[in-house]
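Comments concern the structure below.
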């Protein structure tokens, strides 16, 4: 049975992100739009500041359809640049700030950006790979002094108040390139059009029951879907407030929520567990939050709600298609379920041959939209990967779900060869690529193993070259200078060989069945720090 959703997205928003911002600035000019710990910006201020930046970017040669890479932490400049580029019809390509080495180089080269804006604090990791960046011709430094051969942020402020002849942007034109980990190779860049952003914002409002009085809080990176598309964009449609934290901190979380006056927040399995494990305090209910949304929802969710005085809601979403499965707000929670589909989508569960599976049986979730540009347009520069993802005219999520007799869906697992650690989708292939650069490593297989914080931890199963003594600490140190911190394997296990099929493919399921063995080296225990 096909899991058709009902209803569509009413065309109550503008055709582009830029047009929606201009309307909001005209309708609610003095209302707060973006709130951070270091300041607050109204709709008029964001509109006028992004106009100035658009003019500066245009003077730097940015044109309609150009990709511009950002290597920025959570800061107001990130949001202003996103809107400024949207006003030019250009595409924002934000890079994960933890990327470094070959992973960083590959990500920037993939999208062929000629201009890159980087924060001064992140420039050292960019400097390491500048020689390998094949398309970038200009660098602009944000939040500090310009480095040699780079321009300063002030460069963008000196060219008038508005871009020349701003184009009339269509809803199907690209707005974002969001990186998502691949199943067997390097990270891919999902091509996100304007209508995806605004349509997903409308679905988020509908699915979570958000109102104009809500302050939407997100402490996660702005280069992720959660902060940009599911926090800033819904606030824009509501003429509400997007409260963006600098980063997640378990000790500062509730203080920041209070300071930013947040009424709605999003969580990840690891972060909600960290908050739950903090000692009870008389301040636990001293906050304005009424609702938290995220995935996965822990079994102790009712106890969390009672302690902190707010409701937790589970949903299902992914970078390439956004969220289209939400727990109904007017129905009792079903343990383990991420809810029911909403919006103008067809979704179904199918087996490996493409046939729908019976109710109660796990199958891959596949999706297609009944309205244009509500799902990504494909992966930038990767036509084969795009065709594979959209085979048989369905977008294949790679995720296994099951359905009950009343249409509620339950997440089961992933077909994709990724590890989800504390909100990050980590490509096993990318971690393996770095580890195999070590001169003593013959081959390795990276898998996900259960974490006490829910989700998974990264485990590397490594085969060394003959007569090489195992040294897990040294291998971990080698990795720490060549990959993002969140990608670092927590566990390292040395093996004489990897289990393989007759066609020489690694049977990772055997390694996962063995799990964390007695001979597995634990980085957290050996280095005494929570990473």
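Along the Cα-to-C-beta direction of residue 480, a point sits 7 Å from the Cα; which residues of the range 101-120 have their amide N less than 18 Å from that point?
101
Once you have the Cα-Cα distance between residue 519 and residue 154, take 0.36 nm times their residue separation minus that, and quote the gain in nm to one decimal.
125.9 nm
To the nearest 0.05, how large is the calculated FRET efficiency for residue 283 and residue 440 if R₀ is 56 Å and r is the Cβ-Cβ distance? The partial results should precede the final answer.
Working: r = 51 Å, r/R0 = 0.90.
Using R0 = 56 Å, I get an efficiency of 0.65.
State, in angstrom, two size descriptors of the range 443-487 derived from its alpha carbons: Rg to one decimal place and Dmax to the nearest whole number.
According to the Cα coordinates of the range 443-487, Rg and Dmax are 12.3, 38 Å.
Roughly how far apart, in whole Å, are the Cα centres of the range 287-357 and the range 426-491?
Comparing the Cα centres of the range 287-357 and the range 426-491, I get a distance of 32 Å.
So how much slack lies between residue 466 and residue 48, counting 0.36 nm per residue of separation and subtracting their Cα-Cα distance, in nm? Present the calculation step by step, with values, prior to reporting the outcome.
Numbers: separation 418, 0.36 × 418 = 150.48 nm, distance 6.35 nm.
Length gained, residue 466 through residue 48: 144.1 nm.
Could you give the length gained on full extension between residue 64 and residue 137, defined as 0.36 nm per residue of separation minus the Cα-Cα distance, in nm?
This chain segment gains 24.5 nm when fully extended.
List the pair-distance distribution P(r) of the range 42-169, using every Cα-Cα distance, as the percent of pairs falling in each 10 Å bin from 0 up to the bin containing the longest distance, rounded to whole percents.
Calculated over all Cα pairs of the range 42-169, the distribution is 14, 47, 32, 7, 0 percent.
Over the Cα atoms of the range 366-484, each weighted equally, I'd like the Debye log10 I(q)/I(0) at q = 0.16 Å⁻¹, rounded to two decimals.
For the range 366-484, the Cα-only Debye profile gives -0.95.
What FRET efficiency comes out for the pair residue 507/residue 299, r = Cβ-Cβ distance, R0 = 25 Å, nearest 0.05?
0.20
Let me check against my output: what whole-number percent is the relative contact order of the chain, with C-alpha pairs under 8 Å and at least 6 apart?
Normalised by residue count, the contact order of the chain is 13 percent.
Can you give the relative contact order of the range 64-142 as a percent, counting alpha carbon pairs under 8 Å and 6+ residues apart? Don't skip to the end; give the middle numbers.
Details: 123 pairs, mean separation 28.3, N = 79.
Contact order relative to length: 36 percent.
Pull up the DSSP beta bridges for the chain and report the antiparallel fraction as a percent, rounded to 5.
Around 60 percent antiparallel, to the nearest 5.
Kindly state, to the nearest 0.05, the FRET efficiency for residue 30 paired with residue 362, given R0 = 56 Å and r defined as their beta-carbon distance.
0.60
Can you tell me how the range 419-527 classifies by the Cα gyration tensor, rounded, prolate or oblate, using a/c under 1.5 as the rounded cut? Walk me through the numbers on the way to the answer.
On the way: a/c = 1.42, a/b = 1.13, b/c = 1.25.
Verdict is rounded for the range 419-527.
Kirkwood Rh, Cα Rg: Rg to Rh for the range 311-374? Write out the running numbers ahead of the final one.
Values: Rg = 12.9 Å, Rh = 13.1 Å.
Result for the range 311-374 is an Rg/Rh of 0.99.
Coordinate-derived values only; no laboratory data. The structure displayed is predicted, hence computed values, not measured ones. When we count neighbours, we look across all protein chains shown, and the Cβ atoms used for this are built from the backbone with ideal geometry, even at glycine.
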